[in-house]
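Participant: Supplied in structure tokens, the structure appears directly below.
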Amino acid sequence: GLMHMNQLENPGLNELIRVMKLDKSQMKSSDIGFKIAPAINAAGRLGSALESLELFMSENTGLIEQLAEQLKETNDERREVEKNILEQAEKQVNQSDDFIVVKGDNWNDGVVGIVASRLVERFRKPAIVMTRKRDCYKGSGRSIGQFHLLEALNACQDEIRQYGGHQFAAGLTVELERFEAFKDKLNQYASIHLTEFDRARRHRYYDHLTID
């Protein structure tokens, strides 16, 4: 795939690569995973994914240039939104909890999954980040190690309006008045089912931070 980047024929993707100041001849997987893909995804996170689709389908040079620059700017905005939500979310984290569950009133629901991933990276615990949507909280979760996120949600289904996902990631909706009960039940489940391997890895991580 990386070798074929030199032979790209799609004008939209070529323009996006140029706008992102990347060299096709020296493209790395990290460039795709952390620069190109996030720029493509940013449109759907903060607005409409049709912008990315139009970039790939258009043959209008002027429109392609405009869309590529717009995606770059949207991705920069996404980073700022993510940073602000993460700062607020980290203030809610209770270090004694085995499972991080945080919520906000006006957090962008297209970014909460990324923030959940950041919390997992930072605290080495499974995490769910939720934002208020009228009479409920809607959110996204990420797991760690051997901990099965969907099975954890199955154990708490009486407190959840709807949910779906797999071992490592999930989306869910919880009614406002059930949030605290859901959080407590999820932590009770995690305290029993979080493996010793995952706990040990977390402790090694914090020990490393202390040494540094």
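The values are calculated or read from the model by the stated rules, or taken from the named source; none is laboratory data. These figures come from a predicted structure and were not determined experimentally. Here the Cβ positions follow ideal geometry from the backbone for every residue, glycine too, while neighbour counts run over all protein chains shown. To get the accessible areas, we keep the full protein, side chains included, count just its heavy atoms, and leave off ligands, DNA and RNA. Shrake-Rupley method; radii C 1.70, N 1.55, O 1.52, S 1.80 Å.
Participant: Of GLU177, GLU65, which has the most accessible area with a 1.4 Å probe, and how do the rest follow in descending order?
Facilitator: Final ranking, largest accessible area leading: GLU177, GLU65.
Participant: Could I ask something else about it? Whenever you get a sec, line up HIS148, HIS4 from highest to lowest accessible area (probe 1.4 Å, protein heavy atoms).
Facilitator: HIS4, HIS148
Participant: Next question. Over the chain, average the accessible area per residue using a 1.4 Å probe and give it in Å², no decimals.
Facilitator: 55 Å²
Participant: Work out how far the C-alpha atoms of the chain reach from end to end along every principal axis, then list the three figures in whole Å, largest first.
Facilitator: 56, 44, 27
Participant: Rounded, prolate or oblate, given the Cα gyration tensor of region 148-189, with a/c below 1.5 counting as rounded?
Facilitator: Judged from the Cα gyration tensor, region 148-189 comes out oblate (a/c at least 1.5, b/c at or above a/b).
Participant: Could you state the number of Å between the C-alpha centres of region 145-171 and region 72-88?
Facilitator: 26 Å
Participant: Over the chain, what is the relative contact order in whole percent, taking alpha-carbon pairs under 8 Å and six or more residues apart?
Facilitator: In percent, rounded to a whole number, it is 13.
Participant: If the chain between ASP23 and ASN94 were fully stretched, how many nm would it gain, using 0.36 nm times the residue separation less the Cα-Cα distance?
Facilitator: The span from ASP23 to ASN94 would gain 21.2 nm if fully extended.
Participant: Quick one: net charge of LEU2's neighbours, Cβ under 14 Å, K/R +1, D/E -1?
Facilitator: Local charge sum for LEU2: +1.
Participant: Can you give the accessible area of PHE168 in Å² (nearest 10), computed on protein heavy atoms with a 1.4 Å probe?
Facilitator: 110 Å²
Participant: Carbon-plus-sulfur fraction of the accessible area of region 72-188, 1.4 Å probe, in percent?
Facilitator: 39 percent
Participant: Which value in deg cm²/dmol, rounded to the nearest 500, describes the helix-derived mean residue ellipticity at 222 nm for the chain, given -39,500 (n - 2.57) per DSSP H run of n ≥ 4 and division by the residue count?
Facilitator: -16500 deg cm²/dmol
Participant: Here's another thing I want to ask about it. On a 1.4 Å probe surface of the protein chains, which of ASP97, ASP158, ASP31 comes out largest in accessible area, and what is the full order?
Facilitator: So, going from the largest accessible area down, we get ASP158, ASP97, ASP31.
Participant: Report the relative contact order of region 1-106, percent, no decimals, based on alpha-carbon pairs under 8 angstrom and at least 6 residues apart.
Facilitator: That works out to 26 percent.
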